[in-house]
Amino acid sequence: MSEATTHDAHDHHDHGPAKGLMRWVTTTNHKDIGTLYLLFSLLMFFIGGAMAMVIRAELFEPGMQVVNPHFFNQMTTNHALIMIFGAVMPAFVGLANWLIPMMIGAPDMALPRMNNWSFWILPFAFTMMLSTIFMDGGAPAAGWTIYPPLVLQTGDAFPFMIFAIHMMGISSVMGAINVIATILNMRAPGMTLMKMPLFVWTWLITAYLLIAVMPVLAGAVTMLLTDKYFGTSFFTAAGGGDPVMYQHIFWFFGHPEVYILILPAFGIVSQIIPTFARKPLFGYSSMVYASASIAFLSFIVWAHHMFTVGMPVAGELFFMYATMLIAVPTGVKVFNWVSTMWKGSMTFETPMLFALGFVVLFTIGGFSGLMLAIAPSDFQYHDTYFVVAHFHYVLVTGAIFAIMGAAYYWLPKWTGHMYNETLGKWHFWLSTITVNILFFPQHFLGLAGMPRRIPDYSVQFAEFNMISSIGGFAFGLSQLLFAYIVISTIRGGAKATDKVWDGAEGLEWTLSSPPPYHSFSEAPEVK
Amino acid sequence: MSQNKSVWLHRALLGGAMLLGAGGAVAEYGLNMTQGVTEVSGEVYRLHMLIFYICCAIAVVVFGAMFYSIWKHRKSVGAQAANFHESTTVEIIWTIVPFAILISMAIPATKALINLEDTSDPDMTIKVTGYQWMWHYDYADEGVSFFSRLDEKSNAARQMNSGIDPASVEDYLLNVDNRLVLPAGKKVRFLITANDVIHSWWVPSLGWKKDAIPGYINEAWTKVEQPGVYRGQCAELCGKDHGFMPIVVEVMEQGAYDAWVAAQKATAQNDSPVATVVAAAN
């Protein structure tokens, strides 16, 4: 398109958004779509959280009081599916939408119409997923890993669940394609790959992981569908199939998925810590290489989720060694963050508190991860509350703490308003204390022999379950404060400066707060 | 380090980490993995503690540096930011040192794993089959087989709002009608499978769990020297009553075991096998 036509087309528009509801339905703007993703994710966080409250209420004391065992299993299954696919992943895509164009000096995402579509699939997918609770036979109850043969016993909900997963997968893959196209094609002049902010780097790697593994999940669940309705027996032993093959395929998706849920969090923390330490990130290039190594290793460790299925010793040894290796690049990242703080000039605003909370608590989750990698010990840990404690440390105090830190860090930029710092600090401390009361005792429960996914337990586990439940209710309530802070910051508050934080570096801070509707209509010069 | 000292040390570490001051009741509440009653479970326990201590040591160094920095390098105490941001030497060191630590973990782990998986030369074999929601044990050499289900008292108490206090039920949810009986000091091989969905056979005191998968026959073994009763549960989600299919293993001296086998055979001759299966399925 020639220079003249561009000018003609643009002269008659004010570049502002359309008015009313249709703005949100038809939007192709990366900021609007980012906002939709983030608000959707917040809603799902509360729905998934409500399910967790049901779980903790039933486990408050021994005996069955609140829900029946089948409904309990529906809650554990849907809590996980909603938190993973509905809360954490859309939150990261929302952050990518808002931030990647602003960080690389682009006006918008590369594929804006697809962007609209990839968001608008999600409300339908999750409405369908949640509606299964009211169907004959209830919602899926075979765990989020939906292992056959058990999952084939699901009632009417079964095909709806499969279709919902397909839609979530399509949405993720389209989001990932958009991220890659944007990063590889729309960087401002001078923004070389090795100058990109770490959040952009980790998202680029995450996007490749998504494209690689979401189709694998789609394949696995489609085989489940044909096993149930079309007479195939991919996973049915009686028909010559193999239930363990499903687990191999699922975890070939599932383990990279774990890093899809944490790599963008690494990126966020790598943005926040240098700002508040007032010192550049230590070891930028080693951070990039470490992220890439983690992504590569994630493809060759899947069977550590399956040590107890009866693999040959050689297989167990391979997956044990490969899994242990992940500790090296992950360790490099933690050391780099600590070195970034070292001899800095630190202040502790809410985003920094969440980033520091992330470093400590994620590392604790990493330690239990290393313990789980040791195959002989895993024969004891596997499928116990020790595993539950482990993945909630890496996902709640890891991924979700990073997302909340990101929300506090960039909310002033997005809205033009400062959030209430006192309330933000209250939210951090309440969350940090209660999340540890919630999940730390679960390590003890698992080691003492409590299996996961049980609705009732032997009385020896009563005390720690009660402590954990109290922590759970308090953590859940604390998150209402987060919703209040976010909404009140959107509605008003002290005016934020363009730079917001005095140690902030990067292109997004050169824009006004809130930024113009099309981020960079002229590409900035990057030195 | 002596055994007692190490037990004291880990209790102190774990107890210190506890958020509530449960203090003296540590053993009662079960904070840590059991040492179990077999050579294998002891080995797994020691491996677990080794990795745990290594993690604690790394945590002290990393978090120590971090909190020192948070304390000393604050703007509010007048810290000026330095500007260093890379050091190839440091990066190489903190790649190689963790790698070396990992190798020191991998060696004992490999030994333990190979021992755990060595099911050769068993003295006897028992076939374990998982059902929704009970276990079936088959002593192939003796012609003895039976189902093992949650005991009546637990089953009554675990019903929705049963009004029965679980604390009043002995071994609530960890008791069965028919125990799996093993002779002490014999290497027992288990052949583990399932009839409907995947289950997992787990008795913590034996030191391992193994999935029971339809169409697969998994192998595992144990050798318990100490007579006693050891309890466990199904460890793989297998449907609504997954939490209600416990495992109880009773280890007897050889003489008592032989008498038990004889008694089982006598009962089996009185009841026809069909009747036993039908009764069990109810």
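A few remarks follow.
- Each residue in the range A:289-322 was checked for being within 13 Å of another protein chain (Cβ to nearest Cβ) and aromatic (Phe, Trp, Tyr), and 5 pass.
- All positions within the range A:398-453 that are within 14 Å of chain B (Cβ to nearest Cβ), closer than 17 Å to residue A:478 by Cα and surrounded by 24 or more Cβ atoms within 10 Å (Cβ to Cβ): A:438, A:439
- Among the residues of the range B:50-63, those that are surrounded by fewer than 18 Cβ atoms within 10 Å (Cβ to Cβ) and more than 7 Å from chain A (Cβ to nearest Cβ) comprise B:50, B:53, B:54, B:56, B:57, B:60, B:61.
- Of all the residues in the range A:377-390, those that are closer than 16 Å to residue B:206 by Cβ, in a helix (DSSP H, G or I) and either more than 7 Å from chain B (Cβ to nearest Cβ) or under 26 Å from the mean Cα position of the chain (by Cα) (or both) number 2.
- Out of A:419, A:408, A:393, sole residue that is outside any helix (DSSP H, G or I) and either modelled with pLDDT of 95 or more or not aromatic (Phe, Trp, Tyr) (or both): A:419
- For the range A:25-43, the criterion of being out of contact with any helix residue (DSSP H, G or I) (no Cβ under 6 Å at 6 or more places or on another chain), surrounded by fewer than 10 Cβ atoms within 10 Å (Cβ to Cβ), modelled with pLDDT of 85 or more and of a type in the set (A, V, I, L, M) is satisfied by no residue at all.
- Where helices (runs of 4 or more DSSP H) fall wholly inside the range B:23-124, the ranges with 2 or more residues that are of a type in the set (Asp, Glu) are B:39-72.
- Close pairs (8 angstrom Cβ cut-off, 6 or more residues apart or separate chains): within 7 Å of another protein chain (Cβ to nearest Cβ) and under 15 Å from residue A:276 (Cβ atoms) in the range B:69-86, of a type outside the set (A, V, I, L, M) and in a helix (DSSP H, G or I) anywhere: B:79/B:72
- Of the helices (runs of 4 or more DSSP H) lying entirely inside the range A:166-283, those carrying at least 3 residues that are surrounded by fewer than 18 Cβ atoms within 10 Å (Cβ to Cβ) are A:198-229.
- Within the range A:330-367, considering residues that are farther than 30 Å from residue B:80 by Cα and more than 8 Å from every other protein chain (Cβ to nearest Cβ), the one surrounded by the fewest Cβ atoms within 10 Å (Cβ to Cβ): A:365
- Residue identified as at the interface with chain B (Cβ under 7 Å from one of its Cβ atoms), out of contact with any Cys (no Cβ under 7 Å at 6 or more places or on another chain), touching a residue at least 24 places away in the same chain (Cβ under 8 Å) and farther than 19 Å from residue A:278 by Cα among A:326, A:374: A:374
- A single member of A:163, A:126 is in contact with a Gly (Cβ under 6 Å, 6 or more places away or on another chain) and under 22 Å from residue A:37 (Cβ atoms), and it is A:126.
- If you go through the range A:100-122 and keep only what is touching a helix residue (DSSP H, G or I) at 6+ places or on another chain (Cβ under 7 Å) and under 19 Å from residue A:214 (Cα atoms), you end up with A:114, A:115, A:117, A:118, A:119, A:121, A:122.
- Any hit, the range A:133-144, residues being in a helix (DSSP H, G or I), surrounded by 17 or more Cβ atoms within 10 Å (Cβ to Cβ) and either in contact with a strand residue (DSSP E or B) (Cβ under 6 Å, 6 or more places away or on another chain) or touching a residue at least 60 places away in the same chain (Cβ under 8 Å) (or both): no
- Taken over the range A:308-323, the criterion of being over 17 Å from residue A:249 (Cβ atoms) and of a type in the set (A, V, I, L, M, F, W, C) is satisfied by A:313, A:314, A:317, A:318, A:320, A:322.
- Residue selected from the range B:143-183 under the condition in a helix (DSSP H, G or I) and buried (at least 20 other Cβ atoms within 10 Å of the Cβ), by the criterion nearest to the other protein chains (Cβ to nearest Cβ): B:166
- Pairs with Cβ under 7 Å, 6+ apart, first in the range A:89-104 and over 13 Å from residue A:42 (Cβ atoms) and of a type in the set (D, E, K, R), second at pLDDT below 95 and in a helix (DSSP H, G or I): none
- Here the range B:218-243 is the region considered, the condition is being of a type in the set (A, V, I, L, M, F, W, C) and facing chain A (nearest Cβ under 8 Å), and the residue that is farthest from the chain's Cα centre (by Cα) is B:238.
- Within the range A:134-158, if we keep just the residues that are farther than 19 Å from residue B:243 by Cα and touching a Lys or Arg at 6+ places or on another chain (Cβ under 8 Å), the residue that is farthest from the other protein chains (Cβ to nearest Cβ) turns out to be A:158.
The values are calculated or read from the model by the stated rules, or taken from the named source; none is laboratory data. All values derive from a computational prediction rather than experimental measurement. Heads up, the Cβs are rebuilt from the backbone with ideal geometry, glycines too, and the neighbour counts pull from every protein chain shown.
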